[in-house]
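The values are calculated or read from the model by the stated rules, or taken from the named source; none is laboratory data. Since we're looking at a predicted model, the values are computed, not measured. Because the Cβ atoms are built from the backbone with ideal geometry, glycine has one as well, and the counts that use them run over all protein chains shown. Just the protein is used for accessible areas: all its heavy atoms, side chains included, with ligands, DNA and RNA removed. Shrake-Rupley method; radii C 1.70, N 1.55, O 1.52, S 1.80 Å.
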Amino acid sequence: ERRTDNGGRAAGDGGSINVAGTTCANGLGVHAASNIIFDIAGKCSQFSFIAGFDDSVTSNVSVRLLIRVDGRTVFTSSLAQSGPNATSVTRGTIGISGAKRLQLLVSDLDNGNTSELINWADAKVVCN
């Protein structure tokens, strides 16, 4: 969901994007497995983000995050959450100058498909 956490099955039913106790106005809320592709047409220079489990996640889960630029993996990180109040977060800034496609992937690490709610929080693409 755009600008909200994943919520339930209906579009637009998510709440605020919360990661490690911080609320962000912008970002994307997803559930593993997810694959989001942006056509950036060579007009953008940078992608920055904070990624982590939504604060509503209280179970033991783990996922892998990947960022691909024009099909090439430029970022990978595994996140694990063990119980309530755990804070598994990663952040980064990726150069994407000249790229045509930006892809954000979240995969399940074979521990079931429950509560794998990931927020790409404060996600920003800088374009010309």
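Does Arg64 qualify as being at pLDDT 95 or above, in a strand (DSSP E or B) and of a type in the set (D, E, K, R)? Spelling it out, it is not the case that Arg64 is at pLDDT 95 or above, in a strand (DSSP E or B) and of a type in the set (D, E, K, R). Taking (1) of a type outside the set (D, E, K, R); (2) assigned to a loop (DSSP other than H, G, I, E, B); (3) within 26 Å of Gly15 (Cβ to Cβ) in turn, Leu102 satisfies each apart from (2).
When restricted to residues that are in contact (Cβ under 8 Å) with a residue 60 or more places away in the chain and either buried (at least 20 other Cβ atoms within 10 Å of the Cβ) or not acidic (Asp, Glu) (or both), the range 39-73 contains 15.
Among the residues of the range 34-49, those that are polar (S, T, N, Q) and at pLDDT 95 or above comprise Asn35, Ser45, Gln46, Ser48.
Consider the range 5-17 and keep the residues that are in contact with a strand residue (DSSP E or B) (Cβ under 6 Å, 6 or more places away or on another chain) and either open to solvent by 30 Å² or more (accessible area, probe 1.4 Å) or modelled with pLDDT of 90 or more (or both). The one that is farthest from Ser62 (Cα to Cα) is Ser16.
Which one is nearest to Ile37 (Cα to Cα) among residues in the range 98-128 that are among the polar types (S, T, N, Q) and open to solvent by less than 90 Å² (accessible area, probe 1.4 Å)? Across the range 98-128, the extreme among qualifying residues is Gln103.
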